Amino acid sequence: MTTVDVAIIGAGPAGLAAAVSAKQNGAKNVIILDRNSWLGGILPQCIHDGFGVIETGTSMTGPEYANMYIQMAEKHKITLLSETMVLSLDKNLTITAVNKKGLQKIKARSIILSMGCRERTRWFAMIPGDRPSGIYTAGVAQAFINLYNIMPGKNIIILGSGDVGLIMARRLKFEGANVLGVVEILPFPSGLPRNVVQCLDDYDIPLYLNHTITYIQGRERLESVTIAQIDKNRNPLPGTEKKIKCDTLLLSLGLIPENELATNIGIKIDNITGGPVVNQFLETSIPGVYACGNCLQVYDLVDELSSDAKRAGKNAAQKNNLKTKKIIKINPGKGVRYVIPQVLTTPGKIHFSLRVEKPEESKKLIIKSDGKEIFSKKLAWVNPANMISFDAEIPAELLEKGHDVEVRLDD
Amino acid sequence: MKNYHVAIVGGGVIGSAIAWELAHYKLDVIVFEKGSDVASATSKANSGVIHSGINSKPGSLKAFFCVQGNQMFNSLSKEFGIPVKWIGKYVIAKNENETKELENLKRVGEKNKVPGLKIINGSKISEKNVPCTQALWVPTAGIISPYEFTIALAENAAENNIKFCLETKVTGLKKQQDHFLIKTNKDEYQSDILINAAGLNCREIVSMVEEPDFNVYPCRGEYLVLDKKYGNLVKSMIYPVPVKELGVLGVHITPTTEGNILLGPSAEYIDDSEDKITTKSMMTTLLKEAKEIIPKLPDRAVINAYSGIRCKLESPEHGGLADYRIQESKQTPGLINLLGIESPGLTAAPAIAKHVTEIVSKNIEIKNNTNYKKPKPRMKRFAEMNSQQQSDLIKKDARYGRIVCRCEQVTEAEVINALNNPLGAHTLSSVKYRCRAGMGRCQGGFCTQHIVRLLEENYDVNINDIKLKSPDSYLFSGRTHEVKK
């Protein structure tokens, strides 16, 4: 059994940033375990730019951004176990992992979860029809093109306008594929506005809002999909069906934080984020286990993700889990889908991140407790695709009284 | 042209069980399967139930082979190392009329000599999530993985020199004097005996040599697969009372040996026996009907949906259940037909295979194959082992230390073993059905790229030839950029 100060599960951007920060904040032995043979998680396949703009002022590609952290991790002599899959955790902070050398047991003072997320499949949307080849999640198609030099197909339809789907629309166009359109069930695109412009508009790729795919046809390879406009209840409107011939369907239906390891030891999960419920230290419901990156919440910008991951790394190194007697809950109110952290155990300057329900203009973000407004901030516009983060001062008396906090959007 | 003693059309559970049975004798046997692997149609898309025999008419072939087959599964399970779980089933009644139906089922079962049947008060059944007034307990109903069983039969047959021709469709058949001339999409073959185990295509095969005196009515059944997370909702199979007019058993809840739960199947007569689609309306109906059985069933639990097609000999207008027809053709001696093998076909398969072997032995002299090699019992999956066993295995072969499928924790060594199958099946599905890579909640999101890599590294496969599941189900359209070697 190896003993370490901080063990980190997942060597994506969150795991790397957390590891560097843990080391900078006093942890002596830091180890990262990752199931892939490379570092950087999903970044090596994200060869488009836009990474690191906020953090460094330079727009980098995914591999470039990953390299920046890989170099820092190397400089800080962080131990990395690649091709190592964590099989289980226990509440005493022991990790069981497997690699080609055998079963590994690692006892840690703190554990950081940074397992990332996985993509939703066809069966999340329950799309009926045949079950041919040629249906890929957008990220899998991205891996085939960018990492393996393999083309998934030629005539492409994309379902879902999440960022990965938008980026793939452009990527496939670059490679000479015929990108026939992006179909989105919502009345607005779910990816970042800049991606809609740079990936679809600039290449005349049609975006079908308020549409969905109602049928998949092709007994062996995909032959066509049927798209239809939807009504207010998201049911297809009869008469609006249109059959589009294609050989490839990419699914960009959203991401699910990967938390099987967490749920197996009873870590409490937020039903909306899909990630662990955390306090202001990004500590989960099991003391000493912290969470960051896309397994905590699905981020839209890596800069933001790294910044939060660094806090997790610091807290894990310092084992920050100071608790007052009372724990208060932070609840999403009107117009807000979720807020992180979900619980508070100490007062002071707290970093919040949240997503709103729908795109709106000129709103006021408010933190309320016991009928009193304790924080407010004006926002010119809000969009579910853009995560909102801010710091707010939470007074000590609030925790003493034990009133829950509500975060909401007002006009 | 080489003359085979026996040619079998169809590599489903029936064709594979017959091939395996015949492998015990000194015979040249060839099997034609139009799919890219055995168990590529109805034999893979069913509930995986070893039926007890309570649903078949006393005196019928179905009842006979079902009860006989059921008793063979314990020893088959040991021989192949494939788990059979005798989890039993409850047929549940929600009102007085249905309770009467339970008594009828019990009577039929007893006539068929099904042991241990009991009607239990709804409050006393062992399933806490299943409300009902009364239930018939059927202890001799079990579960098995239907594709794993079929694959095991076929692979051991192949190891005993039975020739399996995959992606080979029989396109023509002629009886010439004392032998059959068999045309396929690939080659021509010759055999003394022809066994028609073509399932839904059994009529097409008959019609190549004689006028069929029957029709096939394909009846589609859709299924939903639940995430293993919800595998504890029930421990046994839960059936409603059968839907008489449709001649099917109704939407039921079936645990699988691997820990998932299946909902289904629906029953819908269709014209085209290849039309294995899933439909929005049936997916909704299945969830609704399953919720009537298990009110606690969560909404977002489904990780996959598929359908299988029953081979029925009764028209939907006539309804009800026809019996199997298993006999040598009077018009075409040497043609052994297996017609209308629907549920309980999986259960009946080993008993049917013995019976067909007897028919073969009446036509040609058969001698024991003294070189018969017993199957190597299936190794425990890596994910099923304890830490010590896992450790020991990795020391022997480091490839067991590399997880390829994260959801089901399948290792690189297991994927390579699957690819090394004696049938030469190399599709993603053939890997999936052998070692479960790709069967979990991410449905291949993580492992597909690794399996493709292993195929390229170990088999020198051109990426354009990698298929999902069937002869034309190509995965890719070439390299993004061709690299000249």
Handout entry: Residues (at the interface with another protein chain (Cβ under 9 Å from one of its Cβ atoms) and in a helix (DSSP H, G or I)) located in the stretch B:393-408
Key = B:I394, B:K395, B:A398, B:R399, B:Y400, B:G401
Problem - Matching residues, the stretch B:72-96, being within 18 Å of the chain's Cα centre (by Cα) and part of a loop (DSSP other than H, G, I, E, B) - result: B:G81, B:I82, B:P83, B:V84, B:W86
Problem - Which numbered condition A:N233 misses (of (1) at pLDDT 95 or above; (2) over 21 Å from the mean Cα position of the chain (by Cα)) - result: (1)
Handout entry: Filtered residue count, the stretch B:215-250, keeping only those that are closer than 16 Å to B:S273 by Cβ and surrounded by fewer than 15 Cβ atoms within 10 Å (Cβ to Cβ)
Key = 1
Handout entry: Where A:L172 falls short, out of the listed (1) among the aliphatic types (A, V, I, L, M); (2) crowded, with 19+ Cβ neighbours inside 10 Å; (3) farther than 24 Å from B:Q449 by Cα
Key = (3)
Problem - Qualifying residues in the stretch B:265-289 (those that are more than 14 Å from every other protein chain (Cβ to nearest Cβ) and either within 23 Å of the chain's Cα centre (by Cα) or surrounded by fewer than 17 Cβ atoms within 10 Å (Cβ to Cβ) (or both)) - the one farthest from B:F149 (Cα to Cα) - result: B:D271
Handout entry: Filter pass, A:S285 being crowded, with 17+ Cβ neighbours inside 10 Å and either touching a Lys or Arg at 6+ places or on another chain (Cβ under 7 Å) or among the aromatic types (F, W, Y) (or both)
Key = yes
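One line per residue, one yes/no per condition, for (1) more than 23 Å from A:S307 (Cα to Cα); (2) crowded, with 16+ Cβ neighbours inside 10 Å:
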| site | (1), (2) |
| --- | --- |
| A:T214 | yes, yes |
| A:E223 | yes, yes |
| A:G239 | yes, no |
| A:T263 | yes, no |
| A:V277 | no, yes |
| A:C292 | no, yes |
Practice task
Check whether at least one residue in the stretch B:60-71 is of a type in the set (A, V, I, L, M), under 24 Å from B:I309 (Cα atoms) and assigned to a strand (DSSP E or B), and report yes or no.
Solution key: no
Exercise for the section: Check A:L159 against each of (1) more than 8 Å from chain B (Cβ to nearest Cβ); (2) surrounded by fewer than 24 Cβ atoms within 10 Å (Cβ to Cβ) and name the one condition it does not meet. Expected result: (2)
Fill in the blank from the handout: In the set A:I244, A:I256, the lone residue that is closer than 30 Å to A:D90 by Cα and of a type in the set (A, V, I, L, M, F, W, C) is A:I256
Exercise for the section: Scan the stretch A:79-109 for residues that are assigned to a loop (DSSP other than H, G, I, E, B), more than 11 Å from every other protein chain (Cβ to nearest Cβ) and without any contact (Cβ under 8 Å) to a residue 60 or more places away in the chain and report the count. Expected result: 1
Exercise for the section: Show the residue pairs that are 6+ apart or on different chains and have beta-carbon atoms under 7 Å apart, the first residue being within the stretch B:285-303 and touching a residue at least 12 places away in the same chain (Cβ under 8 Å), the second being among the aromatic types (F, W, Y). Expected result: B:P298/B:Y230; B:A301/B:Y230; B:V302/A:W123; B:I303/A:W123
Practice task
Go through the stretch A:265-275 residue by residue and tally those that are surrounded by fewer than 17 Cβ atoms within 10 Å (Cβ to Cβ) and of a type in the set (S, T, Y).
Solution key: 0
Completion exercise
Given (1) within 8 Å of chain A (Cβ to nearest Cβ); (2) part of a helix (DSSP H, G or I); (3) within 19 Å of the chain's Cα centre (by Cα), B:R453 misses just (3)
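Quick one: is B:E384 touching a residue at least 12 places away in the same chain (Cβ under 8 Å), under 24 Å from B:G444 (Cβ atoms) and within 14 Å of another protein chain (Cβ to nearest Cβ)?
Judged against the criteria, B:E384 is not a match.
This table checks each residue for (1) surrounded by 21 or more Cβ atoms within 10 Å (Cβ to Cβ); (2) more than 10 Å from every other protein chain (Cβ to nearest Cβ); (3) in contact (Cβ under 8 Å) with a residue 40 or more places away in the chain.
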{"position": "B:V410", "(1), (2), (3)": "yes, yes, no"}
{"position": "B:A418", "(1), (2), (3)": "yes, yes, no"}
{"position": "B:K432", "(1), (2), (3)": "yes, yes, no"}
{"position": "B:C435", "(1), (2), (3)": "yes, yes, yes"}
{"position": "B:Q443", "(1), (2), (3)": "yes, no, yes"}
Practice task
Kindly list the number of the only condition in (1) out of contact with any Phe, Trp or Tyr (no Cβ under 9 Å at 6 or more places or on another chain); (2) more than 7 Å from every other protein chain (Cβ to nearest Cβ); (3) aromatic (F, W, Y) that fails for A:Y136.
Solution key: (1)
Exercise for the section: Give the residue that is farthest from A:P257 (Cα to Cα), with candidates limited to residues of the stretch A:24-43 that are among the β-branched types (V, I, T) and in contact with a Gly (Cβ under 8 Å, 6 or more places away or on another chain). Expected result: A:I32
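Just one of B:E328, B:E358, B:E317 is within 22 Å of B:P218 (Cβ to Cβ) and more than 13 Å from chain A (Cβ to nearest Cβ); which is it?
Only one candidate passes the filter, namely B:E317.
The values are calculated or read from the model by the stated rules, or taken from the named source; none is laboratory data. All of these numbers come straight from a predicted model, not from anything done at the bench. Neighbour counts run over all protein chains shown; Cβ positions are idealised from the backbone, glycine included.
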